[in-house]
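Everything below concerns the one structure shown next.
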Amino acid sequence: MTETTPPFTSDELAEGTIDTVVIGGGAAGLNGALILARSRRSVVVIDSGYPRNAPAEAVHGLLALDGTPPSEILRRGREHVRHYGGRIVLGEVVTAEPAAPSADGDLRFTITLADGRSITARRILVATGLTDVLPDVPGLAEHWGHSVVHCPYCHGWEVRDEPIGILATGPVSIAHAYLYRQLTEDLTYFTHGTELDEDNRARFAARGIRVIDTPVTEVVNGEEGALAGVRLADGQVVARRILAVLAQLQIRAQGLEGLHLPVQDLPNKGRSFASGTAGITDVPGVWVAGNATDLTAQVGASAAAGALAGADINRMLAIADTDAALHAAGPSPTPHV
Ligand SMILES: Cc1cc2nc3c(=O)[nH]c(=O)nc-3n(C[C@H](O)[C@H](O)[C@H](O)COP(=O)(O)OP(=O)(O)OC[C@H]3O[C@@H](n4cnc5c(N)ncnc54)[C@H](O)[C@@H]3O)c2cc1C
């Protein structure tokens, strides 16, 4: 898959111990940082610059921002975080691990970037998102985010009434097909080696969805490289303008191994970091938000999760600050009798 890097200016990494490092500066990470910065917390967002929706021309289904390019939403988000004193650093986190606690017993983490710089933080918000792993069909990846799509709520309206093919990746593609049938009457379901039971074959037939069981061998391009269809194992080419594919969703966990975050299996979808309310994890001092813990979250839900996590981090830091103040004050005087 080709990834595009939206260029952005990088702030200096902060010195000393900061309140929170946010790893990943997409919708989730930036909104978490915004809440923290507005709470007068020192916060540094470290972002490697490859948000999941980078190939898409616009973000859809997001109230008040529908149709805005992903890069523009991120540009504004960074500006807002910086406005309140947050820093945004372009870089890739290669290690993140617990460090020795402070004298008053508060948590500490060391986060190291690929360029060798490192930073110490009291808390970490992981918002590294996920990678869509497409089926290995030649020619498919180059159209990802344009003529090869996944989410009917992100791209559905834009591909309405087109000849659409569902390239099945498992039983979960069956429900996907009914959603795309809502958008076009010209829908073909390529089982591509996956099972399609008799009941759903009958239901597909009733909705006019054509089923092809011969495996797909490659995506065929037409004029100016536009997707024109798929070639089947028997050589036949089936004309299609759009392919809808449910990719395997793989969280971006590289560099985070030292945090030992628990991971959960989600059948037919992938794996995600396990979290509780407001993104809290079983690892003290570490929160997760966005696609890293909720594989189906769109931009709005990811941003909301980041905001909740940011608020929860601030709440826990306020408790830790008070514990530290109590520690500094020393033992309370013996009460007079
Ligand atoms: C093609 C496509 C189109 C989409 N269209 C829409 C749409 O129209 N509407 C909608 O609501 N949703 C859409 N989505 C979903 C949307 O992309 C996600 O909901 C959203 O990106 C999740 O936000 P996030 O902050 O969790 O992750 P991301 O936006 O993926 O951000 C994660 C960030 O973390 C960084 N990162 C990862 N690892 C590290 C590391 N080790 N060190 C430093 N940084 C790191 C990445 O570079 C990235 O910038 C689309 C998805 C795809 C694939």
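The values are calculated or read from the model by the stated rules, or taken from the named source; none is laboratory data. Bear in mind that the values here come from a model prediction, so they are computed numbers and not experimental data. Glycine also receives a Cβ, built like all others from the backbone with ideal geometry; neighbour counts cover every protein chain displayed.
Of the candidates A96, A56, the single residue that is among the aliphatic types (A, V, I, L, M), closer than 22 Å to V43 by Cβ and either near the ligand (Cβ under 9 Å from one of its atoms) or surrounded by fewer than 17 Cβ atoms within 10 Å (Cβ to Cβ) (or both) is A96. Can you find even one residue in the stretch 196-216 that is outside any loop (DSSP other than H, G, I, E, B), in contact with a Lys or Arg (Cβ under 7 Å, 6 or more places away or on another chain), surrounded by fewer than 20 Cβ atoms within 10 Å (Cβ to Cβ) and of a type outside the set (A, V, I, L, M)? No, the stretch 196-216 has no match at all.
Scanning the stretch 230-247 turns up no residue that is closer than 30 Å to W157 by Cα, within 16 Å of the ligand (Cβ to nearest atom) and without any contact (Cβ under 8 Å) to a residue 40 or more places away in the chain.
The rows are residues; the columns are (1) within 15 Å of the chain's Cα centre (by Cα); (2) assigned to a strand (DSSP E or B).
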| residue | (1), (2) |
| --- | --- |
| E218 | no, yes |
| V230 | no, yes |
| Q250 | yes, yes |
| V283 | no, no |
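Out of A274, A303, A253, A328, which single residue is touching a Ser or Thr at 6+ places or on another chain (Cβ under 9 Å) and in contact (Cβ under 8 Å) with a residue 60 or more places away in the chain?
Among A274, A303, A253, A328, only A253 is touching a Ser or Thr at 6+ places or on another chain (Cβ under 9 Å) and in contact (Cβ under 8 Å) with a residue 60 or more places away in the chain.
If you go through the stretch 135-168 and pick out every residue that is closer than 19 Å to G193 by Cβ and more than 10 Å from the ligand (Cβ to nearest atom), you end up with 11. Where strands (runs of 3 or more DSSP E) fall entirely within the stretch 28-135, those with at least 2 residues that are more than 18 Å from the chain's Cα centre (by Cα) and of a type in the set (G, A, S) are at 93-99, 118-126. In the set (1) surrounded by 24 or more Cβ atoms within 10 Å (Cβ to Cβ); (2) in contact (Cβ under 8 Å) with a residue 60 or more places away in the chain; (3) outside any loop (DSSP other than H, G, I, E, B), G25 fails one condition alone, (3). Taken over the stretch 59-72, residues that are touching a residue at least 60 places away in the same chain (Cβ under 8 Å), more than 6 Å from the ligand (Cβ to nearest atom) and either closer than 15 Å to C151 by Cβ or in contact with a strand residue (DSSP E or B) (Cβ under 6 Å, 6 or more places away or on another chain) (or both) amount to 1.
Pairs meeting the criteria (first residue in the stretch 138-161 and at positive phi, second residue assigned to a strand (DSSP E or B) and away from the ligand (no atom under 11 Å from the Cβ), beta carbons under 8 Å, at least 6 apart or on different chains) are G139/E218; G139/V219; G139/V220; G139/N221. Applying the set (1) crowded, with 17+ Cβ neighbours inside 10 Å; (2) charged (D, E, K, R); (3) touching a Lys or Arg at 6+ places or on another chain (Cβ under 6 Å) to R231 leaves exactly one unmet item: (3). Comparison of G276, G290, G258, G310 shows that the only residue that is modelled with pLDDT of 95 or more, farther than 25 Å from G105 by Cβ and out of contact with any His (no Cβ under 7 Å at 6 or more places or on another chain) is G290.
Looking only at residues that are hydrophobic (A, V, I, L, M, F, W, C) and in a helix (DSSP H, G or I) in the stretch 147-163, which one is surrounded by the fewest Cβ atoms within 10 Å (Cβ to Cβ)?
Among them, the one singled out is W157.
I need the full set of residues from the stretch 99-127 which are of a type in the set (A, V, I, L, M) and exposed (fewer than 15 other Cβ atoms within 10 Å of the Cβ), in order please. If the condition is that a residue be of a type in the set (A, V, I, L, M) and exposed (fewer than 15 other Cβ atoms within 10 Å of the Cβ), then A99, A100, A103, A114 are the ones that fit.
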